[in-house]
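Q: Quick one: structure below, then a few questions.
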Amino acid sequence: MKKHILIVPGDGIGQEVTAVGKKVLERIAEKFNHEFTYDEALIGHVAIEATGNPLPDETLEKMRASDAVLFGAVGHPKYDNDPSAKVRPEQGLLKMRKELGLYANLRPIKLFDELLSASSIKPEILKGSDILFFRELTGDIYFGEKGRKNDGDTAYDIAEYSKYEVERIARRAFEAAMTRGKRLCSVDKANVLESSRLWREVVQAIAPEYPEVTVEHIFVDAAAMMLIKDPKRFDVVVTANLFGDILTDEASQIAGSMGMLASASVGDSTGVYEPIHGSAHDITGKGVANPLASVLSAALLLDISFGLKDESNAIIAAVDQLLKDGFRTRDIADANTPADKILNTEAAGEELLKRL
Ligand SMILES: NC(=O)c1ccc[n+]([C@@H]2O[C@H](COP(=O)([O-])OP(=O)(O)OC[C@H]3O[C@@H](n4cnc5c(N)ncnc54)[C@H](O)[C@@H]3O)[C@@H](O)[C@H]2O)c1
Ligand SMILES: CC(C)[C@H](C(=O)O)[C@@H](O)C(=O)O
Ligand SMILES: [Mg+2]
């Protein structure tokens, strides 16, 4: 198969982890006889530094022209610590999602058995957890009107959803539930927010089309609690942009670390595959970032954008084997991990390639 893949490393550890993700794609192409070509483009802080724009037109054009994008992360402490900065790396990420129509962000929370002890949650609560989040990605409070009033003393961000926006993400979640455990949990705050009442109305209206799927509606505060109390009660979860952002960082602890969670942002055009984590300034440049979220994002890319299931499964099997062989990056190591099994980013990539 001939495909063109755009690598967009972005900032901080995004650079470090996508380097490993790319090597894995190269190995897959070699092993399964595919012809993958690559290009690279700027986004975030590095793009601001080079062009003044967090999402240069050239990057967007390259994204549109490619068959899939492997994305790293954006963000820099310079902006995090300066709320008044008008141009910010995250604007690049949000604009990319909007421009490419990436309204569905799939975030699988898959726990590798070997990592049962890496989590701060008790193993007996965790074992067997397997959740697929559908986070709506181009609406909500992220994209509504925002601003200041009263001479800047008051700020507002409007949360807005149309029926159409809720319907299209809900349908994807129902379809996914049909291929899994046939349980769908819709998370909202319909006891308070009008946008959540519309959300619930739309999900309730679609539910009869999927009689085999058991649907439940949970308020986001309770869902946050239940995720930790009993993660196995969840199969597919569908939720709004902001709730999905927060709940999936929480859910990363089910999988052991932020460094394990991959995602697929899909919709109207080129799919973008990205770890759920950020640029992680606290560990940038130290070479200790866990590259597996990027590697597993590459696996999602092959599966979802190219339909290459065997290739995708080969990556997941290699990750499983790496963990079975006792290797860990620092974030997923525990007190029982021998020092010689704790690998830096590059070494973890090398060991992984040996298993592919
Ligand atoms: N998709 C994205 O590009 C994205 C996502 C989240 C945050 N951000 C940005 O990243 C910057 C830092 O944000 P933050 O600190 O809140 O979130 P973060 O996800 O970057 O880091 C949170 C914590 O998890 C750890 N961590 C994250 N990924 C890891 C990995 N692969 N291996 C090991 N440890 C890992 C970090 O060291 C940190 O302690 C901010 O500027 C933020 O806006 C970007
Ligand atoms: C950096 C930020 C804009 C982004 C989001 O909130 O969507 C991030 O947290 C994510 O999860 O991809
Ligand atoms: Mg996030």
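The values are calculated or read from the model by the stated rules, or taken from the named source; none is laboratory data. Because the structure is predicted, anything quoted here is derived from the model rather than measured. With ideal geometry, Cβ positions are generated from the backbone for all residues, glycine too; neighbour counts draw on all protein chains shown. Heavy atoms of the whole protein, side chains included, go into the accessibility calculation; ligands, DNA and RNA do not. Shrake-Rupley method; radii C 1.70, N 1.55, O 1.52, S 1.80 Å.
Q: Give me the residue from the range 219-239 that is open to solvent by less than 10 Å² (accessible area, probe 1.4 Å) and under 18 Å from Val166 (Cα atoms) and, out of that set, nearest to ligand 3 (Cβ to nearest atom).
A: Thr239
Q: Follow-up question, since we're still on this one. Are any residues in the range 125-139 of a type outside the set (A, V, I, L, M, F, W, C) and either over 16 Å from the mean Cα position of the chain (by Cα) or farther than 17 Å from Gly256 by Cβ (or both), and if so, which ones?
A: Lys127, Gly128, Ser129, Arg135, Glu136, Thr138, Gly139
Q: Anything in the range 80-102 that is of a type outside the set (A, V, I, L, M, F, W, C), at pLDDT 95 or above and either open to solvent by less than 20 Å² (accessible area, probe 1.4 Å) or part of a helix (DSSP H, G or I) (or both)? List them, or say none.
A: Pro89, Glu90, Gln91, Gly92, Lys95, Arg97, Lys98, Glu99, Gly101
Q: In a loop (DSSP other than H, G, I, E, B) and open to solvent by less than 30 Å² (accessible area, probe 1.4 Å), is that true of Ser195?
A: No; evaluated as a whole, the condition is false for this residue.
Q: Quick check, is Val295 in contact with a Phe, Trp or Tyr (Cβ under 7 Å, 6 or more places away or on another chain) and not aromatic (Phe, Trp, Tyr)?
A: no
Yes/no matrix, rows are residues, columns are (1) away from ligand 1 (no atom under 12 Å from the Cβ); (2) more than 14 Å from Val17 (Cβ to Cβ); (3) open to solvent by 50 Å² or more (accessible area, probe 1.4 Å); (4) in contact with an Asp or Glu (Cβ under 7 Å, 6 or more places away or on another chain):
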{"position": "Ala280", "(1), (2), (3), (4)": "no, no, no, no"}
{"position": "Leu296", "(1), (2), (3), (4)": "no, no, no, no"}
{"position": "Asp310", "(1), (2), (3), (4)": "yes, yes, yes, no"}
{"position": "Ala317", "(1), (2), (3), (4)": "yes, yes, yes, no"}
{"position": "Ala339", "(1), (2), (3), (4)": "yes, yes, yes, no"}
{"position": "Glu351", "(1), (2), (3), (4)": "yes, yes, no, no"}
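Q: Name the residue, out of Asp82, Asp153, Asp113, that is among the acidic types (Asp, Glu) and touching a residue at least 12 places away in the same chain (Cβ under 8 Å).
A: Only one candidate passes the filter, namely Asp113.
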